[in-house]
Amino acid sequence: MYLNSGTIPIDPGSRDAVAALLATAREASLAEPGVQAYEFAQDLWDPGTIRLFEVYEDEAALASHMEQPHTRELFGALRPHLTGRSTMTAYAATEVTTVE
């Protein structure tokens with residue numbers, strides 16, 4: 001399993017436009033085989049930061065996602081709304097445990 005966590009720095013005035021782009025990308029991404037989660041949230045303390053969380057079944061699912069036309073379109077469509085460089089940290093997990 002592969003997990004990605006990161007941030008997208010946006011102009012707070014672009015929030016609604018960015019939310020629409022991310023909603024479209026989320027719907028398309030969740031329809032892909034091997035994509036288990038594709039989530040975004042606005043940072044509670046910084047209105048110019050969107051946080052992302054993605055979960056892929058395996059490395060092949062992640063690689064396939066990165067080659068999808070809708071993924072490439074999202075990257076291009078987000079560009080005018082960015083105020084800096086996005087960050088991404090990838091994690092490979094061998095075991096998943098629910099914490100209660």
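The values are calculated or read from the model by the stated rules, or taken from the named source; none is laboratory data. Note that the structure is predicted; figures quoted are calculated from it, not measured. Cβ coordinates were reconstructed from backbone atoms using ideal geometry, including for glycine residues, and neighbour counts include every protein chain displayed.
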Checklist outcome for this item: Here the residues within the range 46-90 that are part of a loop (DSSP other than H, G, I, E, B) and touching a residue at least 12 places away in the same chain (Cβ under 8 Å) are PRO47, GLY48, GLU57, ASP58, GLN68, THR83, GLY84, ARG85, SER86
Item to check | Residues within the range 67-84 that are within 13 Å of the chain's Cα centre (by Cα) and among the polar types (S, T, N, Q), tallied | outcome: 1
Next on the checklist: Being surrounded by 13 or more Cβ atoms within 10 Å (Cβ to Cβ), at pLDDT 95 or above and assigned to a helix (DSSP H, G or I) is the requirement here; does ALA23 meet it?
Outcome noted: no
Item to check | Within the range 18-57, tally of residues that are within 18 Å of THR87 (Cα to Cα) and of a type in the set (Val, Ile, Thr) | outcome: 4
Next on the checklist: Which residue is nearest to PRO47 (Cα to Cα), if the candidates are limited to the range 73-100 and must be surrounded by fewer than 10 Cβ atoms within 10 Å (Cβ to Cβ) and of a type in the set (S, T, N, Q)?
Outcome noted: THR89
